[in-house]
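Novice: Right, I'll just put the structure down here and ask away after.
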Amino acid sequence: MSVKITIHRGAREIGGSCIQIESGGERIIIDAGMPLLNKDGSEFSGDPKNILPKITGMFIAGDKKPVAVLITHAHMDHYGLIGFSDSDIPVYSSEGTKRLIGISSVFSSYKSDSNRIQSVEPWKPFDVGPFRVTPYLVDHSAFGAFAWLVEAESKRIMYTGDFRGGGRKRVLFENLLKHSPKNIDALLLEGTTLERKEAPLNSEEEAELALRDLCDKTDGLVMVFSSGQNIDRIVSLFKAAKASKRELVIDVYVAHVLRMLSDLSIMPVAEWDGVRVFYPYYLTRRLAEISKENWLFPFRHKKIGSDELRNDPKRFLMLLRPSMDFDVEKRLNLKGAKAVWSMWAGYLEKPAYIRIQRVLKLKEVPLSQIHYGGHASKTELVELANALSPKKVIPIHTFHADKYPQLFSNVHILDDAQPLIL
Ligand SMILES: [Zn+2]
Ligand SMILES: [Zn+2]
């Protein structure tokens, strides 16, 4: 008997994560992610059907199916291929992840049926086939992210998923250092930041303070481009707005996301004082077209029209998404306005986000960057590896597996599809 680990994708790239653990003839899969990049480094544009991991019973016809798929979090590069998998295989995630996948699926061309996901509580072990699995809630830019511990035949394998140590749930990282699971045979450790220069901001609080400072210094509308699912960032925006005596304006999609998650954790919602809801032109039409009027109605009483926004723009901090270029161009008063890119800088190159940058340039709105990313710094990666002190550290979710041996002991570098027997 032996336990075998295979990284189907993600051993030497960021995105498309998919790991298989095999024991006693049974397999369990962690993550089924969409790749982020093509082979030439451009944004992934292929047909997902052509790049499905070669997993029989899941993506390829076969009698024997994996016993389960465990999802770390609601970023496409970790769950985006679920919709292509055999629907009889049980899928597990946190409740937050399940709900976010359900929301994203409304707009995605690759549907992931969130109804088939069974949500599980963090830190409560459960058994699937020969595997005992334990989810660990971690701090990441996706709400409700898990790391997973998988045990079989007295071998213990931990996969961090994506994590960091400076978000609003940093206590989760600190607790993982203080009360680390012991006797880990293999730690699959993300290494997103290894190739990046040290981030200018080291915590979500720093982002909040920088946003507040910018609000104080702006005599016009402050527009912040951010993901509508980055709850930590939305909390920062709410706090920065409040401190600088502005109202936070969110769009109806973000209002819906917050409404769907707000029973799971404290977060600003449309009903709160100081929060207003904007109805973007195209999004509102689109939601009506796809019969999602129920996303529109609940926030009517907090609606802010473009007249009110135009009259006194310096009273508002507006969370915008880069797809709302029409509203920025036609519906806002941009006199004295400032814009902030509060997402990964790499997205500035994304073809879909070029138009909004052109609009800002045309309207002479300065664009600066305030962002704290979703991934552990080198120091935090080392802290975690030291605390867990695994027998093997296996690089994943990184373009720089070769840098691991400089930072960690017992590094075992794998290629995609190259099995490791424990
Ligand atoms: Zn990721
Ligand atoms: Zn992620």
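Novice: Rounding to the nearest 10 and keeping the result within 0 to 90°, find how far the Cα-based axis of helix 252-261 lies from the longest principal axis of the chain.
Specialist: So the helix axis and the longest Cα principal axis differ by about 40 degrees.
Novice: Now for a different question. Below 8 Å between Cα atoms, with a sequence gap of 6+, how large is the relative contact order for the chain in percent? Please list the in-between numbers first.
Specialist: Details: 906 pairs, mean separation 82.7, N = 422.
Normalised by residue count, the contact order of the chain is 20 percent.
Novice: Roughly how tilted is helix 378-388, in degrees to the nearest 10 and between 0 and 90, from the longest Cα axis of the chain?
Specialist: Approximately 40 degrees, to the nearest 10.
Novice: Ignoring ligands and nucleic acids, what accessible area does Ser119 show with a 1.4 Å probe (Å², nearest 10)?
Specialist: 50 Å²
Novice: Ignoring ligands and nucleic acids, what accessible area does Arg12 show with a 1.4 Å probe (Å², nearest 10)?
Specialist: Arg12 exposes around 120 Å² with every protein chain in place.
Novice: Then there's this: Using amide H atoms built 1.01 Å from N in the peptide plane, name the residues 5+ places from Ile304, or on other chains, whose amide H lies under 5 Å from its own.
Specialist: Residues meeting the criterion, in which the H sits 1.01 Å from N, are Val277, Phe278, Tyr279.
Novice: For Lys335, list the aspartates and glutamates whose Cα falls under 12 Å from its own Cα; do not include residues on the same chain fewer than 8 positions away.
Specialist: Straight-distance partners of Lys335: Asp219, Asp312, Glu364.
Novice: OK, next. Relative to the present Cα-Cα distance, how much length would full extension add between Thr379 and Ser109 at 0.36 nm per residue of separation?
Specialist: Working: separation 270, 0.36 × 270 = 97.20 nm, distance 3.81 nm.
Taking Thr379 through Ser109 to full extension adds about 93.4 nm, to one decimal.
Novice: Same structure again: What ranking of Phe297, Phe278 comes out by heavy-atom accessible area, probe 1.4 Å, highest first?
Specialist: So, going from the largest accessible area down, we get Phe297, Phe278.
Novice: With 25 Å as the cut-off, how large is the P(r) tail for the range 204-369, expressed as percent of Cα-Cα pairs?
Specialist: Here the tail beyond 25 Å accounts for 25 percent of pairs.
Novice: Of all the Cα-Cα pairs you can form in the chain, what percent are over 33 Å apart?
Specialist: Numbers: 30463 of 88831 pairs.
Percentage above 33 Å: 34.
Novice: Given the DSSP H assignment, sum -39500 (n - 2.57) over each helix run of at least 4 residues in the chain and divide by its residue total; what's the result at 222 nm in deg cm²/dmol, nearest 500? Intermediate values should be presented prior to the final figure.
Specialist: Details: 12 runs with 105 residues, N = 422.
For the chain, the value works out to -7000 deg cm²/dmol.
Novice: Measure nothing but the geometry: give the 0 to 90° angle between the long axis through the Cα atoms of 231-243 and the longest principal axis through the Cα atoms of the chain, rounded to 10°.
Specialist: The angle comes out near 30 degrees.
Novice: Starting from the 7 Å offset along Cα-to-Cβ, what nm value, one decimal, do you get for the label separation of Val171 and Lys245?
Specialist: It works out to 3.3 nm between the two label points.
Novice: Taking 0.36 nm per residue of separation and subtracting the Cα-Cα distance, what length does fully extending Trp272 through Ser291 add? It would help to have the intermediate numbers written out before the result.
Specialist: Values: separation 19, 0.36 × 19 = 6.84 nm, distance 2.68 nm.
Once the chain is fully extended between Trp272 and Ser291, it gains 4.2 nm.
Novice: Between Glu308 and Phe326, what is 0.36 nm times their sequence separation minus the Cα-Cα distance? Round to one decimal in nm. The partial results should precede the final answer.
Specialist: On the way: separation 18, 0.36 × 18 = 6.48 nm, distance 1.78 nm.
Result for the pair: 4.7 nm of gain on full extension.
Novice: Cross-link partners among lysines for Lys4, C-alpha distance below 25 Å, same-chain residues fewer than 8 apart left out?
Specialist: Filter leaves Lys54, Lys64, Lys65, Lys124, Lys155, Lys182, Lys391, Lys392, Lys403.
Novice: Whenever you get a sec, compute what percent of the accessible area on the range 200-320 sits on carbon and sulfur atoms (1.4 Å probe).
Specialist: Percent of accessible area from carbon and sulfur atoms in the range 200-320: 49.
Novice: Can I ask one more? Just reorder Trp341, Trp123 by solvent-accessible area, largest first, 1.4 Å probe, all chains present.
Specialist: Working: Trp341 5, Trp123 130 Å².
Final ranking, largest accessible area leading: Trp123, Trp341.
Novice: Using 1/(1 + (r/R0)^6) with R0 = 56 angstrom and r between the beta carbons of Lys363 and Ile60, what's the FRET efficiency to the nearest 0.05? Working shown, then result.
Specialist: On the way: r = 51 Å, r/R0 = 0.91.
Efficiency for this residue pair is about 0.65.
The values are calculated or read from the model by the stated rules, or taken from the named source; none is laboratory data. Since this is a predicted model, take the numbers as computed values, not measurements. With ideal geometry, Cβ positions are generated from the backbone for all residues, glycine too; neighbour counts draw on all protein chains shown. Surface accessibility is based on the protein's heavy atoms, side chains included, excluding ligands, DNA and RNA. Shrake-Rupley method; radii C 1.70, N 1.55, O 1.52, S 1.80 Å.
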